[in-house]
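Enquirer: Below is the structure I would like to discuss, written out as structure tokens.
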Amino acid sequence: QADATTYRALAARSNYLSQDRPDISFAAKELCRELSVPNLSSFKKLKRLVRCLCGLRRLVYHFSFQNAPEAVEVFVDSDFAGCQSTRRSTSGGVAMRGMHPIKHWSLTQTTIALSSGEAELHSIAAGIAQGLGMRSIANDLGFQIGVRLHTDATAALGICRRRGLGKIRHLDVTDLWCQEQVRLGKVSLHKVLGSENPADMMTKY
């Protein structure tokens, strides 16, 4: 019980650090998934993260001067069935204000995706929700911004850009909501190469 308490305390600290360290956000998320019943494997993962942080003690952000961007750039990605035990996928994303990262996230999807396109669609929906939330905050502060969402998933882009359900009836709610946001002009969708997608960092150790 004492070891479990120690693990929970250290995993919670890693989760706190991950708010400013996107490079450990996926690892911290995975550690926190095992808070209820930590085991020997959990401690091995924790030790590996600690060794990583000991080797990379500092992360420096450079916020260079830039002209006011017209939109928040949201990059999203997912790993299909990445969890070996539950086969749940992870949605990762980062929101950029020009060259400046202002938010990132790494979240285990609540439902098991049946395909990589479905996993990417869930990550797009999460990214749209985050982007619209930031636009709402900007409106409260008195300035208007757009939301541009970038993904490397061609299939998910096609789903969001079309109208109707097609052959994927089990995705009806998420599918139609994403289509509606695009159709209303609240979000614009863009393709980004997988090798240039910063959200890829939030979907793996």
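Enquirer: Looking at 25, 36, 78, which is the one that is small (Gly, Ala, Ser), outside any helix (DSSP H, G or I) and surrounded by 10 or more Cβ atoms within 10 Å (Cβ to Cβ)?
Expert: The conditions single out 78.
Enquirer: Something else now. Of all residues in region 39-56, how many are surrounded by 11 or more Cβ atoms within 10 Å (Cβ to Cβ) and among the small types (Gly, Ala, Ser)?
Expert: Adding up the residues that qualify gives 1.
Enquirer: So, one more: On the given criteria, is residue 59 open to solvent by 60 Å² or more (accessible area, probe 1.4 Å) and under 21 Å from the mean Cα position of the chain (by Cα)?
Expert: When the stated conditions are applied, residue 59 passes them.
Enquirer: Among the residues of region 1-38, count how many are within 15 Å of residue 204 (Cα to Cα) and among the β-branched types (Val, Ile, Thr).
Expert: Number satisfying all stated conditions: 1.
Enquirer: If I filter region 150-170 down to residues being assigned to a helix (DSSP H, G or I) and either under 14 Å from residue 128 (Cα atoms) or open to solvent by less than 40 Å² (accessible area, probe 1.4 Å) (or both), which single residue comes out as modelled with the lowest pLDDT? Break it down into steps so the answer makes sense when it comes.
Expert: Here is the first cut: in region 150-170, the residues assigned to a helix (DSSP H, G or I) are 154-161, 169-170.
Add one more test, that the residue is either under 14 Å from residue 128 (Cα atoms) or open to solvent by less than 40 Å² (accessible area, probe 1.4 Å) (or both), and what stays is 156-161.
Numbers: 156: 88, 157: 90, 158: 87, 159: 82, 160: 87, 161: 86.
The extreme case among them is 159.
Enquirer: Answer yes if at least one residue in region 3-16 is touching a residue at least 12 places away in the same chain (Cβ under 8 Å), open to solvent by 50 Å² or more (accessible area, probe 1.4 Å) and not in a helix (DSSP H, G or I), and no otherwise.
Expert: Within region 3-16, none of the residues are touching a residue at least 12 places away in the same chain (Cβ under 8 Å), open to solvent by 50 Å² or more (accessible area, probe 1.4 Å) and not in a helix (DSSP H, G or I).
Enquirer: Please verify whether residue 97 is open to solvent by less than 90 Å² (accessible area, probe 1.4 Å), basic (Lys, Arg) and within 26 Å of residue 4 (Cα to Cα), treating the condition exactly as stated.
Expert: Numbers: open to solvent by less than 90 Å² (accessible area, probe 1.4 Å): yes; basic (Lys, Arg): yes; within 26 Å of residue 4 (Cα to Cα): no.
Judged against the criteria, residue 97 is not a match.
The values are calculated or read from the model by the stated rules, or taken from the named source; none is laboratory data. Quantities reported herein were computed from a predicted structural model and do not represent experimental measurements. Quick reminder, even Gly has a Cβ in these numbers, built from the backbone with ideal geometry, and neighbours come from all protein chains shown. For accessibility, only protein heavy atoms count, side chains too; no ligands or nucleic acids. Shrake-Rupley method; radii C 1.70, N 1.55, O 1.52, S 1.80 Å.
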